[in-house]
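Asks: Have a look at this one before I ask anything.
The values are calculated or read from the model by the stated rules, or taken from the named source; none is laboratory data. Just so it is clear, the model here is predicted, and its values are computed rather than measured. Here the Cβ positions follow ideal geometry from the backbone for every residue, glycine too, while neighbour counts run over all protein chains shown. For the accessible areas, the whole protein counts, side chains as well, though only heavy atoms, and no ligand, DNA or RNA atoms are used. Shrake-Rupley method; radii C 1.70, N 1.55, O 1.52, S 1.80 Å.
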Amino acid sequence: MHRFKLIVLGTLLAMSAGAGAASSSAGCFCSVVYYNDAGTVVGIRQPAACGDPGWGVVTNKSKVYAGCVM
């Protein structure tokens with residue numbers, strides 16, 4: 001199941017990256033993806049309106065994406 005989530009996440013991230021860069025302003029409907037030192041996704045946090053608040057751990061390496069990623 002975890003492997004399936006990562007495949008879906010990768011697909012959604014690729015689609016989201018094509019939509020343009022997200023602003024980190026307070027009004028942004030954004031999701032944050034957290035990575036470990038090796039560059040592997042270890043957590044996601046997103047708005048409650050996405051239906052799933054996210055999973056995993058929060059690290060100091062992250063990238064902001066516009067909208068929902070899951």
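Asks: Looking at the stretch 24-34, which of the residues that are open to solvent by less than 70 Å² (accessible area, probe 1.4 Å) and more than 10 Å from the chain's Cα centre (by Cα) is modelled with the highest pLDDT?
Replies: Cys28
Asks: Would you be able to tell me the number of residues in the stretch 41-70 that are under 13 Å from Cys28 (Cβ atoms) and small (Gly, Ala, Ser)?
Replies: Residues in the stretch 41-70 being under 13 Å from Cys28 (Cβ atoms) and small (Gly, Ala, Ser): 3 in total.
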